[in-house]
Structure formats: C-alpha cells, structure tokens
Amino acid sequence: MVAPLIASLAELGAARRLVVKVGSSLLVERGEPRKAWLAKLVSELAGLRQAGCEVIVVSSGAIALGAARLGLKRGGRASLSEAQAAASVGQVELARLWSESLGAHDLVAAQMLVTLDDLEDRRRYLNAAATFEKLLEEGAVPVVNENDSVATEEIRFGDNDRLAARVAQAAGAQGVLLLSDVDGLYDRDPREAGATLIETVDGVTPEILAMASATSSSGLGSGGMAAKLEAARIAERAGIALAIANGTVDAPLSRAFAQGIGTLFLPQRGGSARQAWLGGRLAPVGVLTVDAGCAEALANGASLLAAGITEVNGDFRRGDLVSVHSANGDRLAQGLVEYSAEECHAIIGLKQDRQGDKLGYAPRAAVIHRDHLVYL
C-alpha cells in the first residue's frame with residue numbers, strides 16, 4: 001500500500017521516515033560546537049523516534065570544526081586542499097559530537113560519509129539504500145555527510161541540502177526537513193519590508209526559483225536558498241515532501257511541526273524508483289539540444305529521437321547521463337543515452353531509416369528511450 005502524500009507540516013512530523021538536515025551555522029559558532037543547542041535538537045529527535053519515526057540526520061560542520069582546530073583562515077574554504085584537510089580533522093570531531101549527543105538518549109549514531117558518485121552510480125546507490133535500511137532496522141540513527149576530504153570541485157554535491165534530498169530517495173524517506181537561519185521561503189529577500197513567508201509550494205516553478213538567493217548568509221556553509229530549492233525539486237520528483245524551517249530557535253522541530261511555521265514543498269507524484277533516481281542525479285556529462293517539436297513530444301512522454309536533435313555537446317559514452325535542452329537553453333529532461341557523442345553527431349537530425357548508413361549498423365529505437373528519460 002502506497003503511503004498518502006504529505007500535505008502539511010504536521011503530517012511531515014508524523015512521517016514514518018524523516019531526513020533532518022543541520023547546517024554548519026547552526027551547529028558551529030566561532031569554531032566551537034553549539035552543544036546546548038544540539039542537546040535540545042537531539043531531545044526532539046529522540047521524541048520523534050519514540051513516536052515511531054525513523055530519523056536520518058544529514059549534518060554539516062566538519063569543515064568548520066576542522067578549520068578551527070587547524071587555525072585555517074576563512075573557515076577552511078580558501079582552497080580545495082584546505083577544505084579537504086579541514087574536513088579530515090573535523091569529521092572526527094563531528095562524529096564524536098553526534099555520538100555523544102544521541103548516546104545521551106540511548107540512541108546509536110552510525111556515521112555515513114558519501115560522495116556524489118555513491119549516489120550517481122546505480123549499483124552504489126542501491127548499496128547505500130541497503131545500508132540505510134539495515135541501520136534503521138537495527139535502531140541506529142544514520143548521520144550522513146559528504147566526504148569532503150576526497151571530494152573534488154568537479155565531482156561533489158557542493159551543499160548538504162541536495163545531499164539530504166538524495167539521501168531521502170536512497171533511504172525511502174517520506175519527508176525532508178532542512179533547518180535554516182530563516183523561517184522558510186519568502187517572496188523576496190526576508191530583510192526587505194513587506195516580505196511574505198510562503199507556507200506551501202505546489203511544484204518548484206521558474207517563478208519560485210526567481211525568489212531564491214544563491215548565497216549563504218552565515219559564510220560557513222555552501223548552500224543558500226537556491227540550493228534548497230534545487231533540493232526541493234529533487235525531492236518533489238521522487239514523491240517526497242520537503243520543508244524549510246528556522247533552526248536558530250531552541251525547539252525547531254516543534255516550532256515547525258506543531259506551530260506550522262515554515263515552507264512545505266508538496267511532493268509531486270513521480271514515476272518508478274528508477275526514474276526518481278534518474279531525476280535526482282546531479283552530474284550529466286553532455287547536453288543534447290532539441291527542436292520545438294521534439295520538446296513538445298518529450299513533454300507528452302515520448303522517447304528522444306535523433307530527428308529532433310539540433311546540437312550535441314560533451315564527450316559521453318553509451319549509458320552516460322546527459323541533459324536535454326530546448327533551443328533557448330532551458331533544461332527539459334535528462335536520461336541515459338543509447339549512443340556515444342560521436343554517434344550522436346553522426347545521426348543528428350536524421351530519421352531512423354537514414355541512420356544505419358551513418359552508423360554502420362542497425363540503429364536503436366531511440367537516442368534516449370522514455371523508460372530511461374525523466375522530464376524535468
């Protein structure tokens with residue numbers, strides 16, 4: 001039986017499985033952990049567990065903690081090498097912090113460090129999903145962070161907001177709560193007079209995206225409202241509710257769930273689990289640009305055919321993830337391509353009966369079959 005889609009913050013708090021993301025600015029102040037604040041948050045998490053909710057934590061803070069220990073300026077973010085070194089030191093402290101805090105409530109913390117590839121590769125994604133399932137089955141609380149000590153600028157999530165949405169997919173969670181330094185999404189900069197909190201978002205549209213700031217106000221983290229909206233898009237396509245709430249208060253979960261203060265992004269009914277995984281992938285290696293007729297066909301659930309392709313960019317192989325763009329550059333879809341970039345160049349704009357001569361073998365049914373394509 002499929003669980004009903006979450007339609008309110010109160011229902012999010014009653015989810016069977018919930019991912020809670022904690023940012024650096026909430027957890028760390030001047031290089032030191034905010035232990036009193038964390039103790040109150042963990043008390044709330046323990047309350048959720050007692051009520052039957054399985055909790056997964058996505059926690060930032062390793063770089064901030066490690067930078068302080070090493071005496072690095074700019075919070076350890078002056079360069080990639082500094083961030084990696086700070087993360088290596090800080091991750092030890094972060095794991096100890098969560099272990100002790102959860103242990104005070106007789107809860108076992110389980111550290112999971114992941115990279116982008118761990119959730120982009122289908123086999124590794126399924127391995128991660130199995131690990132989450134077993135840990136939760138055994139009563140542990142997974143504490144997840146990006147493995148910044150080995151991540152590169154090119155191959156990384158870059159923020160824990162999107163990581164939280166991807167973790168929710170892998171773990172089969174019904175909801176995600178992103179704790180921030182503001183109450184939620186506002187129709188403009190919340191510092192401006194007359195700014196209004198948006199309580200519910202039914203689909204992240206270009207108009208919603210235009211409301212976001214791409215910067216992190218604390219200077220510690222790497223996110224910002226733009227990253228949170230990207231996380232919401234990942235979650236909603238997978239049928240997962242995502243909320244943004246203020247984490248600076250003493251009881252952030254109660255404030256969000258009981259008082260209903262925050263922004264809830266309603267889940268959109270998606271396709272299969274495989275399509276949800278495809279839609280959430282973050283690292284396409286090429287772009288196929290299509291004409292207007294092809295764009296319309298894709299919106300109606302069609303496969304991507306070579307005849308509708310007008311431009312090929314990138315160096316990709318068969319089976320790689322590529323994006324599909326409209327003529328004006330809008331990202332329409334992404335999926336697993338059936339041809340290499342070289343082969344796509346050979347058959348660009350051609351109908352199927354003309355492709356064999358260019359390829360030297362019988363053409364496949366589509367450049368991207370609809371079963372391996374997600375319209376965004």
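The values are calculated or read from the model by the stated rules, or taken from the named source; none is laboratory data. In this text, all values refer to a predicted model and were calculated from it rather than measured experimentally. Using ideal geometry, Cβ is built from the backbone for each residue, glycine included, and neighbour counts are taken over all protein chains shown.
Miscellaneous remarks
- Odd one out for V57 among (1) in contact with a strand residue (DSSP E or B) (Cβ under 6 Å, 6 or more places away or on another chain); (2) part of a helix (DSSP H, G or I): (2)
- Filter result for the condition that a residue is within 13 Å of G175 (Cα to Cα), at pLDDT 90 or above and in a helix (DSSP H, G or I), over E11, E44: E11
- The listed residue being at pLDDT 90 or above and closer than 30 Å to G52 by Cβ, out of A164, A238: A164
- In the range 62-75, the residues that are without any contact (Cβ under 8 Å) to a residue 60 or more places away in the chain and under 26 Å from the mean Cα position of the chain (by Cα): L65, G66, A67, R74
- Subset of the range 40-51 (residues that are surrounded by fewer than 14 Cβ atoms within 10 Å (Cβ to Cβ) and either under 20 Å from A62 (Cα atoms) or of a type in the set (A, V, I, L, M) (or both)): A51
- When I6, I63 are screened for being closer than 30 Å to A283 by Cα and not in a helix (DSSP H, G or I), only I6 passes.
- Residue within the range 272-293 that is modelled with pLDDT of 95 or more, out of contact with any Asp or Glu (no Cβ under 8 Å at 6 or more places or on another chain) and assigned to a helix (DSSP H, G or I) present: yes
- Residues in the range 255-271 that are within 29 Å of D117 (Cα to Cα) and assigned to a loop (DSSP other than H, G, I, E, B): L266, P267, Q268, R269, G270, G271.
- Selection count, the range 298-327, where residues are free of Cβ contacts under 8 Å to residues at least 60 places away in the same chain and more than 15 Å from L376 (Cβ to Cβ): 15
- Within the range 118-146, the set of residues being assigned to a helix (DSSP H, G or I) and under 20 Å from A62 (Cα atoms) comprises D118 only.
- Total residues in the range 329-347 satisfying the condition of being part of a loop (DSSP other than H, G, I, E, B), in contact with a Leu (Cβ under 9 Å, 6 or more places away or on another chain) and either under 16 Å from A295 (Cα atoms) or among the aliphatic types (A, V, I, L, M) (or both): the figure is 1.
- Taking first residues from the range 128-140 that are within 17 Å of G52 (Cβ to Cβ) and partners that are in a helix (DSSP H, G or I), the Cβ contacts under 8 Å between residues at least 6 apart in sequence or on separate chains come to E133/A171; L136/A171.
- Scope the range 103-115; condition out of contact with any helix residue (DSSP H, G or I) (no Cβ under 6 Å at 6 or more places or on another chain) and either assigned to a helix (DSSP H, G or I) or not aliphatic (A, V, I, L, M) (or both); matching residues: G103, D106, T115
- Among the residues making up the range 339-357, those that are closer than 16 Å to V312 by Cβ and in contact with a helix residue (DSSP H, G or I) (Cβ under 8 Å, 6 or more places away or on another chain) are Y339, E343, C344, A346, I347, I348, G349, L350, Q355.
- The set of residues in the range 14-37 that are under 22 Å from W98 (Cα atoms) and crowded, with 22+ Cβ neighbours inside 10 Å comprises L18, V19, V20, K21, V22, G23, S24, S25, L26, L27, V28.
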